Amino acid sequence: MTIPTQTVAATETLTAEEIKARAESIMEDLKQYADQAEADRHLCKESVELIKNNGLLRTIQPKSCGGHELPFRSYIDVLAAVGEGCGATAWVLGVWHAHSWLMGHFPRQAQQDVYGDNPDTFVSAVIAPRGKAIRQGDGSYVLNGFWPFGSGCEHSQWLILGAEVFDESGEMIDEADLLMPTGDVEIKDDWYVAGLQGTGSNSLVARDVRIPPHRYISIPQYTEREAPAYKAEDTGWLTRSQAVPVLAICLVGGALGVARAALKEFKKIVPGKKVPYTNHIADDWIPVQVALGSAAAEIHAAELVMYKMADDIDHYAKLNEAMPMEMRGRIRMDCCLSVKMLLDAVVKLFHYAGASALSLRNVLQRASRDLHATNMHALLMYDASAEIYGRILLGKGSNSPVI
């Protein structure tokens with residue numbers, strides 16, 4: 001289809017076909033900014049503008065918040081295309097997607113605070129309850145804490161931060177995510193890392209930040225479909241999705257694009273290349289052929305696993321039913337499996353591409369580093385998710401509430 005060059009208006013809703021085409025149309029532009037993002041340790045403003053102007057930020061954002069509210073299959077399509085251009089941009093966009101979906105569970109007044117003037121508002125988050133909030137007598141909360149890994153925070157206007165919640169007597173009463181303007185929190189410039197360098201995942205510090213009651217959602221309530229949005233008649237269908245599968249799948253789509261870009265680069269540089277200290281030409285050498293075939297199959301398999309997860313999430317959201325526990329365990333496991341397959345594939349390609357792939361401007365070395373970093377996210381730790389899934393299959397139940 002023909003891609004319109006004009007900016008997507010904040011009031012315009014895109015179809016699945018249109019948003020996929022728009023994501024694919026900016027792939028080459030994003031590649032131009034990938035090196036600069038790594039050097040700056042955060043996304044370039046040009047990349048952020050491309051995301052916003054093409055309507056990609058609002059892929060799974062609720063329609064009540066000005067979003068497109070498209071199926072998770074569309075999310076995979078968008079993130080994979082963006083990831084082919086720049087893995088850091090795809091990672092940040094993926095978590096921004098997760099947070100825009102989560103905004104559907106906040107009270108309408110909070111949604112109005114964030115999106116009332118601009119549906120293309122960027123919301124960064126660290127949703128794990130790392131901080132401490134004290135509920136005040138008037139129902140507000142005072143938040144303090146330190147949160148590492150605030151991806152994309154420098155470009156955000158709002159933050160969602162997780163905390164253990166206590167009453168004024170010191171008794172713990174909940175775990176919650178609390179919403180505040182980014183300007184209320186200190187951003188520490190401490191993102192010096194080996195992978196996903198361009199994501200600007202700096203640490204965040206809150207000191208006595210006061211949060212009004214309507215900018216609060218209970219983590220146990222929304223993870224178990226007990227939050228008010230699941231019961232309200234006017235809630236959009238996608239907001240009814242099972243929460244943890246959503247938050248997990250939002251971490252993996254960009255990795256597919258990163259691996260696809262590495263595969264394309266390998267196929268471009270290997271033909272005709274001599275294998276040093278042998279009589280082989282790389283594309284005629286059986287180990288290279290085996291590595292390429294295996295890697296391509298792993299990338300394709302990861303894609304199929306991601307689409308299956310997306311379809312399952314969408315299916316139960318449309319039914320407005322709780323997802324079976326076994327499926328929840330399988331989706332958490334499949335998120336880990338898919339990014340592990342992508343990492344294994346790229347490691348093969350990186351190895352057989354030869355020493356020239358070590359250049360810091362080579363797609364393969366960055367893909368390897370970014371996929372290693374992706375696999376190190378706490379929710380994508382393979383062994384932890386395998387244990388949980390195995391326990392569920394054996395009838396022992398999950399030993400984690402994050403399921």
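The values are calculated or read from the model by the stated rules, or taken from the named source; none is laboratory data. Please read all numbers here as calculations on a predicted model, not as lab measurements. Note that each Cβ is placed from the backbone with ideal geometry, even for glycine, and that neighbours are counted across all protein chains shown.
Inside region 203-222, residues that are assigned to a loop (DSSP other than H, G, I, E, B) and surrounded by fewer than 18 Cβ atoms within 10 Å (Cβ to Cβ) make up a count of 3. Inspection of region 304-315 identifies at least one residue that is closer than 14 Å to residue 255 by Cα, surrounded by fewer than 17 Cβ atoms within 10 Å (Cβ to Cβ) and under 19 Å from the mean Cα position of the chain (by Cα).
Taking only pairs six or more apart or across chains, which ones have beta-carbon atoms under 6 Å, a first residue in region 4-22 that is within 22 Å of residue 310 (Cβ to Cβ), and a second residue that is surrounded by fewer than 16 Cβ atoms within 10 Å (Cβ to Cβ) and modelled with pLDDT under 95? These pairs meet every condition: 21/1; 21/3.
Before we move on, is residue 373 at negative phi, assigned to a loop (DSSP other than H, G, I, E, B), among the hydrophobic types (A, V, I, L, M, F, W, C) and touching a Phe, Trp or Tyr at 6+ places or on another chain (Cβ under 9 Å)?
Working: at negative phi: yes; assigned to a loop (DSSP other than H, G, I, E, B): no; among the hydrophobic types (A, V, I, L, M, F, W, C): yes; touching a Phe, Trp or Tyr at 6+ places or on another chain (Cβ under 9 Å): yes.
No, not satisfied.
Residues in region 35-88 that are farther than 21 Å from residue 201 by Cα, in a helix (DSSP H, G or I) and more than 16 Å from the chain's Cα centre (by Cα): 53, 63, 64, 65. Can we say residue 32 is among the polar types (S, T, N, Q) and in contact with a Cys (Cβ under 7 Å, 6 or more places away or on another chain)? In short, no.
In this structure, does residue 225 turn out to be touching a residue at least 40 places away in the same chain (Cβ under 8 Å) and either assigned to a helix (DSSP H, G or I) or in the same structural domain as residue 142 (by TED's automatic domain parsing) (or both)? Walk me through it before giving the result.
Values: touching a residue at least 40 places away in the same chain (Cβ under 8 Å): yes; either assigned to a helix (DSSP H, G or I) or in the same structural domain as residue 142 (by TED's automatic domain parsing) (or both): no.
Answer is no for this residue.
Residues that are among the hydrophobic types (A, V, I, L, M, F, W, C), under 21 Å from the mean Cα position of the chain (by Cα) and more than 23 Å from residue 47 (Cα to Cα) within region 105-145 comprise 106, 127, 128, listed in sequence order. Could you go through region 93-107 and let me know if any residue there is in a helix (DSSP H, G or I) and of a type in the set (S, T, N, Q). The answer is yes; a qualifying residue exists.
Here are 100, 64: which of them is in the same structural domain as residue 46 (by TED's automatic domain parsing), touching a Pro at 6+ places or on another chain (Cβ under 9 Å), of a type in the set (Ser, Thr, Tyr) and touching a residue at least 24 places away in the same chain (Cβ under 8 Å)? Lay out the reasoning, then the answer.
Details: 64 fails: touching a Pro at 6+ places or on another chain (Cβ under 9 Å).
The unique qualifying residue is 100.
Of all residues in region 162-202, those satisfying the criterion of being outside any loop (DSSP other than H, G, I, E, B) and closer than 24 Å to residue 369 by Cα are 188, 197, 198, 199, 202.
Residues in region 45-61 that are closer than 19 Å to residue 106 by Cβ and either of a type in the set (S, T, N, Q) or without any contact (Cβ under 8 Å) to a residue 40 or more places away in the chain (or both): 59, 61. The residues of region 56-88 that are surrounded by 24 or more Cβ atoms within 10 Å (Cβ to Cβ) and basic (Lys, Arg) amount to a single one, 58.
For residue 328, the criteria (1) basic (Lys, Arg); (2) assigned to a helix (DSSP H, G or I); (3) touching an Asp or Glu at 6+ places or on another chain (Cβ under 8 Å) hold in every case but one, which is (3).
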